[in-house]
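Take a look at the structure set out below.
The values are calculated or read from the model by the stated rules, or taken from the named source; none is laboratory data. These numbers come from a predicted model, not from an experiment. So basically every Cβ, Gly included, is an ideal-geometry build from the backbone, and we count neighbours across all protein chains shown.
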Amino acid sequence: MAYVTEQNLTDVVLERWKAIPDPRLRQVMQSLIKHLHGFVREVEPTGKEWFAAIDWLTRTGKMCDEKRQEFILASDVLGVSMLVDAINNRLTTGATPTTVEGPFHIPNSPEFGSGENMAKEAPGIPCFVTGTVRDLDGAPVKGAALDVWQTDGEGIYEAQQDHHDVWMRGVFRTGADGSYCLRTVAPIGYTIPMDGTVGELMARTDISHMRPAHIHFAVTAPGHHPVITHLFQKGDPYIETDVVYGVKEPLITDFHKKPAGAKAPNGETVNEPFYEVHYDFVLQKTSKAQLKGAAS
Ligand SMILES: [Fe+2]
């Protein structure tokens, strides 16, 4: 075997890493090695810089636990999460577009009845979200689950809370006519967590670390392609510069202001100003018939 040199090292490594029985893993590792070596050849890091990078990755890993995921955040701010999302959700035009799940989803949220308040005592302006879940043919999807999570009116997610109560999340279901109704409080734009390794990196850039106000939805129904998405508040100052590149035009919604004393969609009279949001989700069936026209 030839001794390795700066010139032949990539080829030598690629040759050895062919010895992987699983063809997909072999493909992934060949590509990873090519791109990593290409990156190092382009950047030519000093030893000190390379260890700084390893230290950053080490500290990023150490920040992760069951409630905080700094690696997802890193993937988000580099636009990789949105790219993976786009590749895996080539839906037919007309279906509600997907966007990043983000690092704040917590599984197994409590179930709420239609029109119930998932915000409990959380601070913020009351906000009612109503609409339907339908398929591409316009037929209502009965019993679709809407897993909803968001910040409270002060920009805080459950994962960022000191106490351990369920906070600003819940599961709602559509009725026979495909309709849903939920009460929450209006989210506000927020900064991504800046006290970790991603924040440390962002602080060395001139890039905005803000996300526009949004409510996260994971809409699922048997026989339909799930849609993990957000609804964004129209007019939010950070719509154009979302730090995780999550905004898609069809997801920007009007938050209609209503005066104190007006009747809310769930029938209650609200004694303070509130918002009404209406959004119809469109799911694509997983059957071949509706997958045919999938955009590439
Ligand atoms: Fe979010």
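Among the residues that make up region 206-216, is at least one of them more than 16 Å from the ligand (Cβ to nearest atom) and in the same structural domain as R169 (by TED's automatic domain parsing)?
Of all residues in region 206-216, those more than 16 Å from the ligand (Cβ to nearest atom) come to 206-207.
Filter once more, so that each one left must be in the same structural domain as R169 (by TED's automatic domain parsing): 206-207.
Taking every residue of region 206-216 in turn, at least one turns out to be more than 16 Å from the ligand (Cβ to nearest atom) and in the same structural domain as R169 (by TED's automatic domain parsing).
Enumerate the pairs (first residue in region 177-205 and touching a residue at least 24 places away in the same chain (Cβ under 8 Å) and closer than 17 Å to E158 by Cα; second residue anywhere and β-branched (V, I, T) and within 16 Å of the ligand (Cβ to nearest atom)) with beta-carbon separation below 6 Å, excluding pairs fewer than 6 apart on the same chain, so at least 6 apart or on different chains. Between residues of region 177-205 that are touching a residue at least 24 places away in the same chain (Cβ under 8 Å) and closer than 17 Å to E158 by Cα and residues that are β-branched (V, I, T) and within 16 Å of the ligand (Cβ to nearest atom), the close pairs are P187/T151; P187/I215; Y190/T151; I192/V243.
When region 82-105 is filtered for residues that are away from the ligand (no atom under 16 Å from the Cβ) and on the phi > 0 side of the Ramachandran plot, only G94 remains. Considering only residues in region 223-236 that are free of Cβ contacts under 8 Å to residues at least 60 places away in the same chain and away from the ligand (no atom under 16 Å from the Cβ), the one that is farthest from the chain's Cα centre (by Cα) turns out to be G235.
Could you pull out the residue among P97, P103, P126 that is touching an Asp or Glu at 6+ places or on another chain (Cβ under 9 Å) and surrounded by fewer than 19 Cβ atoms within 10 Å (Cβ to Cβ)?
On the way: P103 fails: surrounded by fewer than 19 Cβ atoms within 10 Å (Cβ to Cβ); P126 fails: surrounded by fewer than 19 Cβ atoms within 10 Å (Cβ to Cβ).
Going through P97, P103, P126 in turn, just one is touching an Asp or Glu at 6+ places or on another chain (Cβ under 9 Å) and surrounded by fewer than 19 Cβ atoms within 10 Å (Cβ to Cβ): P97.
The set of residues in region 131-188 being of a type in the set (K, R) and more than 16 Å from the ligand (Cβ to nearest atom) consists of R134, K142, R173, R183. Of the helices (runs of 4 or more DSSP H) entirely within region 6-76, those holding at least 2 residues that are within 31 Å of the chain's Cα centre (by Cα) and of a type in the set (D, E, K, R) occupy 23-43, 47-63.
Could you list, in sequence order, all residues of region 247-275 that are under 20 Å from L83 (Cβ atoms) and either of a type in the set (D, E) or out of contact with any Phe, Trp or Tyr (no Cβ under 8 Å at 6 or more places or on another chain) (or both)? Passing the criteria: K248, E249, P250.
Look at region 144-161: where a residue is in contact (Cβ under 8 Å) with a residue 60 or more places away in the chain and a partner is more than 14 Å from the ligand (Cβ to nearest atom) and of a type in the set (F, W, Y), sitting 6+ places away or on another chain with Cβ atoms under 6 Å, you get L146/F172; L146/Y180.
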